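Take a look at the structure set out below.
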Amino acid sequence: MLGKTNLPLVELHGDPKIGVSHVKTDILAEAQMVVDYFLNCGLRQFAFFTFGDAWWINLHRDAFCGVLEGRGFKCHSYRPPASDRSVPIWHESQQLGLKAWIRSLPHPVGVLTPGDLHSARLLDVCHELDIAVPEEIAILGLGNDPLICEIVRPTLSSVDVDARRIGYEARDCWIR
């Protein structure tokens, strides 16, 4: 629909299938930063959690796990049910599998999630299992949504990808 307006269009999610110019964060640099952060916290066990399956989530998981494996560490990944949705939705039917996965993790463990909603879901389940966050499971999300990160206890840490700046700079490129 927007493509029919003949206005400059830049897709900010980075989906190459849409067929328009796009920008995205440097996912590999992001993964390296997250791994360095966890290592500097003294962690030596790592995992990736998402409650949904989407192409962009797989990019983040693969980069994170790839950086870890390149440094000699294993990455435990939770595998949610397959979906064709680009925006994952939590299904209560995943609860038992998630609890079993969390119990199977070595502790302490640093867990990266592809978004703050995923982090909040993981935090909720950790509370239900009486697992201390961040002492036993340190959770780090992507997006840094203050509404999500600040409302939960303990508050969540998250990587600020500065999406607003990405959009502004993409817009600025078209105006020049």
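The values are calculated or read from the model by the stated rules, or taken from the named source; none is laboratory data. Small disclaimer: the values here were computed from a predicted structure and weren't measured. Note that we place each Cβ from the backbone using ideal geometry, even for glycine, and neighbour counts take in every protein chain shown.
Restricting the search to the range 58-93, which residues are modelled with pLDDT under 85 and in contact with a Lys or Arg (Cβ under 9 Å, 6 or more places away or on another chain)? Walk me through how you get there before you give the answer.
Step one: list which residues in the range 58-93 are modelled with pLDDT under 85, which gives 79-93.
Within the range 58-93, TRP90 is the sole residue that qualifies.
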Number of the condition not met by VAL35 [criteria: (1) loosely packed, with under 12 Cβ neighbours inside 10 Å; (2) modelled with pLDDT of 90 or more; (3) not in a loop (DSSP other than H, G, I, E, B)]: (1)
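Report yes if ILE131 is buried (at least 16 other Cβ atoms within 10 Å of the Cβ), free of Cβ contacts under 8 Å to residues at least 40 places away in the same chain and closer than 20 Å to PHE38 by Cβ, otherwise no.
Working: buried (at least 16 other Cβ atoms within 10 Å of the Cβ): yes; free of Cβ contacts under 8 Å to residues at least 40 places away in the same chain: yes; closer than 20 Å to PHE38 by Cβ: yes.
Yes: the conditions hold for ILE131.
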Single residue of the range 107-128 satisfying the filter (part of a loop (DSSP other than H, G, I, E, B) and crowded, with 19+ Cβ neighbours inside 10 Å) that is modelled with the highest pLDDT: THR113
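In the range 38-62, which residues are small (Gly, Ala, Ser), surrounded by fewer than 21 Cβ atoms within 10 Å (Cβ to Cβ) and either more than 22 Å from PRO134 (Cβ to Cβ) or in contact with a strand residue (DSSP E or B) (Cβ under 6 Å, 6 or more places away or on another chain) (or both)?
Correct list: ALA54 only.
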